[in-house]
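Single-structure report; data block below.
The values are calculated or read from the model by the stated rules, or taken from the named source; none is laboratory data. These numbers were taken from a predicted model, which means no experiment stands behind them. With ideal geometry, Cβ positions are generated from the backbone for all residues, glycine too; neighbour counts draw on all protein chains shown.
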């Protein structure tokens with residue numbers, strides 16, 4: 001897609017997809033009505049490196065905004081994925097249990113992590129646009 | 001740390017061939033007529049059978065209490081010139097310790113020069129390493145070396161290396177067969193590039209860590225340090241028990257006779273448990289805390305978390321199940337013999 005952003009720094013190249021929103025904690029989110037599909041960004045997966053273990057919540061689990069809902073473990077370190085809203089887990093990507101590296105291979109596609117139904121209408125202005133997220137990444141890489 | 005995918009780098013080393021830049025390891029030249037007598041004092045292994053053209057295998061620098069300062073490798077170049085490889089964090093410290101011993105025991109004919117920064121060390125590791133060496137123009141003499149042999153001034157890629165050895169730290173005794181080339185910076189860079197062209201996968205320190213841990217090799221400063229002695233570490237290879245003349249030797253013998261309270265073990269998590277044990281995780285038997293993890297990784301060969309650590313000697317049975325606390329949750333683990341694969 002032409003609108004995608006590729007941030008190039010001395011340390012690497014990171015794809016930021018158009019049409020998604022982003023968080024300060026390096027998740028991407030796609031808002032459809034009250035449902036959010038989310039995963040981690042290309043930048044996040046590259047920092048984390050090869051992911052070997054994903055701990056997912058149960059479907060139906062109640063989550064609150066800012067809560068660590070998923071744990072990703074790579075050969076290098078451990079990272080949490082935070083819920084951007086109060087709500088309920090409606091679907092998790094179970095393919096990740098067998099192939100955690102789908103997150104490395106396709107962070108915005110097959111490597112999606114979970115879907116959360118928000119308990120109230122979603123204020124999208126709290127999230128970062130692709131260009132705002134690109135700025136954040138550039139800043140961190142300086 | 002890696003070249004994109006440490007798991008693939010690991011598997012390539014086990015099944016094919018990889019090339020590592022391990023120049024961070026410290027390197028000294030030790031010269032003088034006292035070399036043999038000096039090291040006989042300084043290291044844990046008896047060197048009477050040590051011969052020209054071979055490496056000692058790991059040997060320990062011990063403190064007076066028998067604690068482990070480092071494990072190092074000696075290369076017998078000539079009667080009056082040996083080379084030494086030490087662990088990266090200890091480059092300065094080990095040399096100071098050796099100089100200190102030189103003074104303490106009154107050795108006069110010995111010089112220790114740190115040449116870490118003037119040379120590089122390139123490791124070509126894996127079952128197909130001999131093929132890569134062949135495409136780099138290694139002689140059959142080099143290719144046919146046995147484990148822990150080396151050839152000084154060996155020719156490779158049209159120039160002479162300081163030496164080429166049959167060695168590595170990836171599991172050479174069991175599954176893979178490696179070479180290490182010790183040479184000038186420029187020559188080393190060329191060897192690395194040409195090895196990649198010849199089919200070796202560039203591999204980094206993350207893969208090196210998972211490779212060594214599958215084998216149960218110890219990382220100095222992480223799995224052992226001055227507060228641990230070779231008996232509890234159960235590190236027999238570098239130790240000649242009963243050797244009396246070395247610094248720390250008698251203290252180690254005393255520990256052996258008295259017995260130790262904790263010992264090092266290796267373990268694997270259950271099939272399918274990809275959680276990774278980490279340095280400092282606690283080990284339990286039921287509700288009883290019995291030890292701690294010193295190293296853990298995801299094992300690409302076993303496809304699960306593995307690790308090593310220390311537990312009470314009363315609980316160190318191979319096959320015994322224990323629990324490792326990883327991020328607040330207990331994970332079942334089974335004690336294994338080394339190597340873990």
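Would you mind stating whether residue A:90 is surrounded by 20 or more Cβ atoms within 10 Å (Cβ to Cβ) and assigned to a strand (DSSP E or B)? It is false that residue A:90 is surrounded by 20 or more Cβ atoms within 10 Å (Cβ to Cβ) and assigned to a strand (DSSP E or B). Quick one: which of B:278, B:234 is in contact (Cβ under 8 Å) with a residue 24 or more places away in the chain and over 22 Å from residue B:89 (Cβ atoms)? One residue alone meets the criteria, B:234.
Restricting A:75, A:70 to those that are in contact with a helix residue (DSSP H, G or I) (Cβ under 6 Å, 6 or more places away or on another chain), within 14 Å of chain B (Cβ to nearest Cβ) and on the phi < 0 side of the Ramachandran plot reduces the list to A:75. Can you pull out the residues in the range B:270-279 that are within 10 Å of another protein chain (Cβ to nearest Cβ) and under 16 Å from residue B:213 (Cα atoms)? Scanning the range B:270-279 gives B:274, B:275, B:276, B:278.
Within the set B:240, B:228, the sole residue that is under 30 Å from residue B:329 (Cα atoms), in contact (Cβ under 8 Å) with a residue 60 or more places away in the chain, more than 13 Å from chain A (Cβ to nearest Cβ) and surrounded by fewer than 24 Cβ atoms within 10 Å (Cβ to Cβ) turns out to be B:228.
For residue B:301, the criteria (1) within 14 Å of chain A (Cβ to nearest Cβ); (2) part of a strand (DSSP E or B) hold in every case but one, which is (2). Taken together, B:57, B:4, B:32 contain a single residue that is on the phi > 0 side of the Ramachandran plot, surrounded by fewer than 22 Cβ atoms within 10 Å (Cβ to Cβ) and in contact with a strand residue (DSSP E or B) (Cβ under 6 Å, 6 or more places away or on another chain), which is B:32.
Taken together, the residues in the range A:30-52 that are in contact with a helix residue (DSSP H, G or I) (Cβ under 9 Å, 6 or more places away or on another chain), surrounded by fewer than 20 Cβ atoms within 10 Å (Cβ to Cβ) and at pLDDT 95 or above amount to 1.
Restricting the search to the range B:179-219, which residues are within 14 Å of another protein chain (Cβ to nearest Cβ), in contact with a helix residue (DSSP H, G or I) (Cβ under 7 Å, 6 or more places away or on another chain) and not in a strand (DSSP E or B)? Hits for the range B:179-219 are B:204, B:206, B:207, B:210, B:211. Looking across the range B:1-24, the residues that are farther than 27 Å from residue B:68 by Cα, within 13 Å of chain A (Cβ to nearest Cβ) and touching a helix residue (DSSP H, G or I) at 6+ places or on another chain (Cβ under 6 Å) come down to B:2, B:6, B:9, B:10.
If the condition is being over 13 Å from residue A:39 (Cβ atoms) and more than 14 Å from chain B (Cβ to nearest Cβ), then the range A:84-101 contributes A:85, A:86, A:87, A:88, A:89, A:90. Just one of the listed residues (A:72, A:128) is under 14 Å from the mean Cα position of the chain (by Cα) and more than 22 Å from residue B:275 (Cα to Cα), and it is A:128.
Residues in the range B:158-181 that are modelled with pLDDT of 95 or more and under 22 Å from residue B:201 (Cα atoms): B:161, B:164, B:165, B:179, B:180, B:181.
Yes or no, residue by residue, for (1) assigned to a loop (DSSP other than H, G, I, E, B); (2) farther than 24 Å from residue B:217 by Cβ:
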| site | (1), (2) |
| --- | --- |
| B:238 | yes, no |
| B:243 | yes, no |
| B:247 | yes, no |
| B:254 | no, yes |
| B:264 | no, no |
| B:289 | no, yes |
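With respect to the conditions (1) surrounded by fewer than 16 Cβ atoms within 10 Å (Cβ to Cβ); (2) in contact (Cβ under 8 Å) with a residue 12 or more places away in the chain; (3) within 13 Å of the chain's Cα centre (by Cα), residue A:82 lacks only one, and its number is (1).
The residue that is nearest to residue B:106 (Cα to Cα), among those in the range B:25-58 that are assigned to a strand (DSSP E or B) and in contact with a helix residue (DSSP H, G or I) (Cβ under 8 Å, 6 or more places away or on another chain), is B:30. Here are some residues: B:147, B:124. Which one is surrounded by 14 or more Cβ atoms within 10 Å (Cβ to Cβ), modelled with pLDDT of 95 or more and outside any helix (DSSP H, G or I)? Checking each option against the conditions leaves just B:124. Within the range A:102-121, the set of residues being away from chain B (no Cβ under 14 Å), free of Cβ contacts under 8 Å to residues at least 12 places away in the same chain and in contact with a helix residue (DSSP H, G or I) (Cβ under 9 Å, 6 or more places away or on another chain) comprises just one member, A:109. Within the range A:93-142, the set of residues being surrounded by 18 or more Cβ atoms within 10 Å (Cβ to Cβ) and part of a strand (DSSP E or B) comprises A:114, A:115, A:116, A:118, A:128. Hey, does the range B:83-104 have a residue that's touching a helix residue (DSSP H, G or I) at 6+ places or on another chain (Cβ under 6 Å), in a loop (DSSP other than H, G, I, E, B) and at pLDDT 95 or above? So far as the range B:83-104 goes, no, none of its residues is touching a helix residue (DSSP H, G or I) at 6+ places or on another chain (Cβ under 6 Å), in a loop (DSSP other than H, G, I, E, B) and at pLDDT 95 or above. Taking residues in the range A:123-142 that are under 14 Å from residue A:5 (Cβ atoms), and partners anywhere that are in a helix (DSSP H, G or I), the pairs with Cβ atoms closer than 6 Å and at least 6 places apart or on different chains are A:137/A:43.
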